[in-house]
Protein chains: 2
Amino acid sequence: MIQVNHEILRELLESELAKRNVNTESINHCVSSLIETSLRGVDSHGIHLFPHYCRAVEAGRISTHPKFDFQKNAASAGILDADHAFGHHAGSEAMKYAMEMASETGMGAVGIKNSTHFGAAAYFAQQAAKKGFIGWSFTNADALVKAQNGKEAFFGTNPVCFSAPMENEEPFCLDMATSKVSWNKIKNFRSTNEPIPADWAFNGQGESVTDPHEATSLCPTGDYKGFGLGMMVDILCALLTSSAISKDLSPMFTSPIEEKRRVSHFVMAMDITKFSSLSAFKLSLQEMADRIRNMEALGDERVMIPGDPEKHTKSNRLIHGIPVPTPNWEEFLGLNNDFSSAVK
Amino acid sequence: MIQVNHEILRELLESELAKRNVNTESINHCVSSLIETSLRGVDSHGIHLFPHYCRAVEAGRISTHPKFDFQKNAASAGILDADHAFGHHAGSEAMKYAMEMASETGMGAVGIKNSTHFGAAAYFAQQAAKKGFIGWSFTNADALVKAQNGKEAFFGTNPVCFSAPMENEEPFCLDMATSKVSWNKIKNFRSTNEPIPADWAFNGQGESVTDPHEATSLCPTGDYKGFGLGMMVDILCALLTSSAISKDLSPMFTSPIEEKRRVSHFVMAMDITKFSSLSAFKLSLQEMADRIRNMEALGDERVMIPGDPEKHTKSNRLIHGIPVPTPNWEEFLGLNNDFSSAVK
C-alpha cells in the first residue's frame with residue numbers, strides 16, 4: 001500500500017484523459033468524482049476505477065465528445081440522453097437541469113439514459129446540497145443482488161443517495177448500496193483468501209457461502225427491504241427512461257470493453273426555500289446532527305450519523321494522502337510512469 | 001382469535017366515528033385505511049388501532065372538523081397545515097394536491113404539519129399509483145430506533161413507502177419501516193413471554209436483549225442504512241415543515257390522550273406520462289415483476305417481490321375475514337356490542 005497526494009494525482013488523471021481526447025467537462029467531472037470519492041474513503045468507487053475507464057474510452061464504450069440531448073417534458077420533469085458519456089458528466093448535467101427546474105417549481109426530476117458507470121452516487125446529490133437544494137441520485141447496475149427465495153441475482157447494487165445542506169459542515173449525505181456489502185468487499189476477501197461472514201453472499205444455487213471465491217450474488221440490505229429499494233431504483237432509472245433493467249445490463253468489467261452498456265440513472269432536486277427558509281433548515285439539520293452525535297455512547301464508541309466516517313476519512317486523507325494497494329498502483333504506472341511523482 | 005367480515009366491520013367503524021361527530025371525509029379515509037391495511041395483513045397499522053383513535057377523538061387530540069390550510073409555494077411544492085386531523089385524511093388531502101401539481105409539472109411534493117398518526121404509509125402512495133402516478137409517502141413517529149453506537153433511540157420507525165402502477169394487478173408497493181422489526185412484534189413476544197432474536201432490540205443501556213420486556217429501542221434495518229433513511233424521513237417531514245423531529249414527539253400511546261402530537265408527513269407524486277407512456281410503463285413493470293417471480297426458487301419457496309405477501313393475504317382475508325385477537329376484540333365490544341354482528 002502506498003500513499004498518494006491527491007492534488008498531484010488530480011493533474012495526472014486529467015492529463016491522461018486529455019491525451020485520450022476526452023472533452024474538458026467530462027475530464028473535470030470524472031476526475032473530481034474519483035478524487036473526492038477516494039478522499040472520502042469510498043475506495044470501491046474511487047480512483048482504482050481509473051485504468052478501467054481509460055480502457056473504456058480507448059475501446060469506444062465511453063464517448064469522448066458526447067452530444068447530450070435533454071428533453072424537458074414538463075416544468076419539473078425531463079429526460080437526458082447521455083450519448084454514452086462518462087456517467088459522472090451525464091449525472092452532473094442532469095442534476096444541473098434538475099436544480100434549474102427546482103428553482104422555478106420547487107422540484108426537478110431527470111431520468112438519464114444511454115449512460116455509463118457514474119461512480120459514487122454521492123457526487124451528484126452533494127452537488128445539489130452544496131447549492132442549497134435537497135438532492136437524490138440513483139443508478140442501476142448489472143445484476144448482483146439475490147432475489148428473495150430465488151437462486152440468482154436480479155437487481156444491481158442500485159444505490160439510493162440523499163443529501164441535504166448543513167450549517168457548519170459539508171452536506172449530510174446518505175449514499176447506500178441496496179446490497180448488504182459491496183462486491184468490492186467480496187473481492188478484498190478473495191485477495192486474502194479469508195472467509196466472509198455467512199450473511200453476505202450466495203453461490204449460484206442461492207446458498208449462503210463463507211468462501212468468497214464461491215460467491216456469485218449478494219444479500220440485499222435489510223433483506224426484502226433492500227431488494228425493494230433496488231427495485232424502486234430500477235423503476236426510476238430504467239422504466240421511466242425505457243432503458244434496460246439491471247438484469248439485462250452487461251457486466252461492467254467482464255463484458256467486451258467496446259460494448260456500450262446503456263446504464264440509466266435518475267436524479268431529483270428539491271428547492272428548500274419553497275418549503276422553509278434555507279438558513280433555518282440548515283440550522284435545524286445541524287442541530288439534529290449534533291444532538292445525535294452528543295448522545296450518550298456505548299463504551300468508547302462515538303455516536304455517528306451516516307457520512308461521518310467519510311468526513312473523518314477525508315480530513316485524514318487530505319493530509320496523509322490516498323492509500324492505493326500496490327497491484328492497483330502498478331496499473332497506474334503502466335498507464336504512465338509519471339504517476340510515481342504523486343507518491344508521498 | 002376470531003374472524004371478522006370486513007364489509008360489516010367497515011359500516012360499524014364508520015358509525016362509531018359518526019357518533020363522535022367526525023366529518024364524513026375523515027371517516028372515509030380513516031376507515032378505508034384501517035380496513036385495507038388489515039386486509040393486507042399489516043396488523044400493526046390496521047383495525048386494532050381503532051379503539052385508540054376513538055379515545056383520541058373524544059379527548060380532542062384528533063380534530064373532528066379540521067380546517068386544512070394548504071399553502072402552494074411553487075408549482076410543484078406546498079405545505080398543508082392539517083389542524084390535527086386524522087392523519088389518514090391529512091395525508092390523502094396532501095396527496096391530492098401533489099397529484100394535481102404533478103399533472104401540470106411532472107412532480108408534486110407536499111409537507112404536512114400539525115397532523116396525527118396516519119396509519120399505514122401505503123395508503124397514500126397507493127392512492128397515487130392507482131391513478132397512474134408514482135407515489136412516495138413518509139411520516140415521522142416518536143423515537144424508537146437506536147442511534148449507531150448510542151444507548152438510546154432517536155428516530156421513530158419513520159417509514160419509506162414507494163408505489164407504482166402495474167398492468168395486471170394492484171400497484172407495486174414497498175412500505176418499509178426503517179427499523180428491522182416493528183414495535184408491535186416486540187409486543188407480540190411480550191404477550192407470549194417468548195424470547196426475541198438478539199438483533200431486534202436493545203435495553204436502556206443500548207445492549208442487545210432477548211427478553212422482550214427489557215426492550216426499549218429497536219435495531220434499524222440494515223444498521224446505519226436504516227438509521228440514515230429514518231433521518232432522511234425526519235428531514236423531509238419535520239425540517240421542511242418546521243415541525244418537531246421524532247426525538248421530540250410525545251409517544252402515541254403513553255402520553256396524555258388529550259395532548260396534540262403534531263406529527264409531520266411528506267408525500268410526493270410523479271406523473272409517469274411526463275417521462276414515458278403510461279401503458280408502456282405499466283407493462284414493463286408487470287414484466288419485471290413476473291420475471292422475478294418466475295426465477296428458479298430455493299426448494300419449495302416462491303420468489304417474491306415486496307408487496308406479494310400482502311396481496312396474498314388480502315385475497316385470503318377478503319374471503320375468510322380479518323383475524324382479531326380476543327383481547328383486542330373485547331375493546332371493540334366495549335365500544336359497542338353491535339360489533340358482534342361482524343364475526344364470521
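Residues in the range A:179-198 that are buried (at least 17 other Cβ atoms within 10 Å of the Cβ) and modelled with pLDDT of 95 or more were compared, and the one that is nearest to A:Gly156 (Cα to Cα) is A:Ser179. The single condition from (1) among the small types (Gly, Ala, Ser); (2) buried (at least 24 other Cβ atoms within 10 Å of the Cβ); (3) farther than 19 Å from B:Pro251 by Cβ; (4) more than 10 Å from chain A (Cβ to nearest Cβ) that B:Gly46 fails is (2).
Of the listed requirements (1) crowded, with 20+ Cβ neighbours inside 10 Å; (2) under 20 Å from the mean Cα position of the chain (by Cα); (3) more than 10 Å from chain A (Cβ to nearest Cβ); (4) within 23 Å of A:Gly230 (Cβ to Cβ), B:Met166 misses just one: (2). Checking each residue of the range B:250-266 against the condition of being within 11 Å of chain A (Cβ to nearest Cβ), more than 19 Å from A:Leu239 (Cα to Cα) and not in a helix (DSSP H, G or I) gives at least one match. The residues of the range B:94-122 that are surrounded by fewer than 24 Cβ atoms within 10 Å (Cβ to Cβ) and more than 11 Å from chain A (Cβ to nearest Cβ), listed by number, are B:Lys96, B:Tyr97, B:Met99, B:Glu100, B:Asn114, B:His117. Looking only at residues of the range B:1-26 that are buried (at least 17 other Cβ atoms within 10 Å of the Cβ), of a type in the set (A, V, I, L, M, F, W, C) and in contact with a Ser or Thr (Cβ under 9 Å, 6 or more places away or on another chain), we find that the one that is farthest from B:Phe86 (Cα to Cα) is B:Val4. Report whether or not B:Gln148 is at pLDDT below 95 and within 13 Å of chain A (Cβ to nearest Cβ). So B:Gln148 passes the test.
Per-residue answers, yes or no, for (1) crowded, with 22+ Cβ neighbours inside 10 Å; (2) under 20 Å from the mean Cα position of the chain (by Cα):
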position: B:Trp200; (1), (2): no, no
position: B:Asn203; (1), (2): no, no
position: B:Gly206; (1), (2): yes, no
position: B:His213; (1), (2): no, no
position: B:Thr221; (1), (2): yes, yes
position: B:Cys237; (1), (2): yes, yes
position: B:Leu249; (1), (2): no, yes
position: B:Pro256; (1), (2): no, no
position: B:Lys260; (1), (2): no, yes
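When A:Gly222, A:Gly204, A:Gly156 are checked against the criterion of being of a type in the set (Gly, Ala, Ser), at negative phi and free of Cβ contacts under 8 Å to residues at least 60 places away in the same chain, a single residue qualifies: A:Gly204.
Do the conditions hold for B:Phe202, that is, is it modelled with pLDDT of 95 or more, within 13 Å of chain A (Cβ to nearest Cβ) and more than 24 Å from B:Cys161 (Cβ to Cβ)? Against the criterion (modelled with pLDDT of 95 or more, within 13 Å of chain A (Cβ to nearest Cβ) and more than 24 Å from B:Cys161 (Cβ to Cβ)), B:Phe202 qualifies. Number of residues in the range B:62-77 that are part of a strand (DSSP E or B) and more than 8 Å from chain A (Cβ to nearest Cβ): the value is 4. Taking first residues from the range A:298-312 that are touching a residue at least 60 places away in the same chain (Cβ under 8 Å) and partners that are among the hydroxyl-bearing types (Ser, Thr, Tyr), the Cβ contacts under 7 Å between residues at least 6 apart in sequence or on separate chains come to A:Pro306/B:Tyr224.
In a residue-by-residue description of the range A:307-323, the property of being of a type in the set (Ser, Thr, Tyr) and more than 18 Å from A:Gly46 (Cα to Cα) applies to no position. Listed by first and then second residue, the pairs linking a residue in the range A:241-267 that is under 19 Å from A:Leu144 (Cα atoms) and touching a residue at least 24 places away in the same chain (Cβ under 8 Å) to a residue that is among the acidic types (Asp, Glu) and surrounded by fewer than 19 Cβ atoms within 10 Å (Cβ to Cβ), with Cβ atoms under 7 Å apart and 6 or more places separating them unless they lie on different chains, are A:Ser250/A:Glu259. Cβ-Cβ distances below 6 Å connect the following pairs, each with a first residue in the range B:317-344 that is free of Cβ contacts under 8 Å to residues at least 24 places away in the same chain, a second residue that is not in a loop (DSSP other than H, G, I, E, B), and a separation of six or more residues or different chains: B:Leu333/B:Phe339.
In the range A:94-115, the count of residues that are more than 21 Å from the chain's Cα centre (by Cα), of a type outside the set (Val, Ile, Thr) and not in a helix (DSSP H, G or I) is one or more.
When A:Leu229 is tested against (1) hydrophobic (A, V, I, L, M, F, W, C); (2) within 25 Å of A:Gln127 (Cα to Cα); (3) more than 10 Å from chain B (Cβ to nearest Cβ), exactly one condition is not met: (3).
Screening the range A:267-284 for residues that are surrounded by 21 or more Cβ atoms within 10 Å (Cβ to Cβ) and outside any helix (DSSP H, G or I) and picking the one that is farthest from the other protein chains (Cβ to nearest Cβ) gives A:Val267. When the range A:295-344 is filtered for residues that are in a helix (DSSP H, G or I) and touching a Gly at 6+ places or on another chain (Cβ under 9 Å), the ones remaining, listed by number, are A:Pro309, A:Glu310, A:His312, A:Thr313, A:Lys314, A:Asn316, A:Arg317, A:Ala342. The condition (being modelled with pLDDT of 95 or more, part of a strand (DSSP E or B) and closer than 17 Å to A:Arg291 by Cα) is satisfied by just one residue among B:Phe154, B:Phe162, B:Phe227: B:Phe154. Please go through the range A:55-73 and pick out each residue that is among the hydrophobic types (A, V, I, L, M, F, W, C) and either buried (at least 20 other Cβ atoms within 10 Å of the Cβ) or under 28 Å from A:Cys173 (Cβ atoms) (or both). Residues satisfying the conditions are A:Ala56, A:Val57, A:Ile62, A:Phe68, A:Phe70. Only a single item in (1) buried (at least 21 other Cβ atoms within 10 Å of the Cβ); (2) out of contact with any Ser or Thr (no Cβ under 8 Å at 6 or more places or on another chain); (3) closer than 29 Å to B:Asn73 by Cα is not met by B:Val233, and it is number (2). Selection over the range A:257-301 of residues that are under 30 Å from A:Gly156 (Cα atoms) and of a type in the set (S, T, N, Q) gives a count of 1. Is it the case that B:Arg40 is buried (at least 23 other Cβ atoms within 10 Å of the Cβ), more than 14 Å from B:Val324 (Cβ to Cβ) and modelled with pLDDT of 95 or more? The answer is yes for B:Arg40.
The values are calculated or read from the model by the stated rules, or taken from the named source; none is laboratory data. All values reported here derive from a predicted model rather than from experimental measurement. A quick note on method: Cβ atoms are made from the backbone with ideal geometry, for glycine too, and the neighbour counts reach across all protein chains shown.
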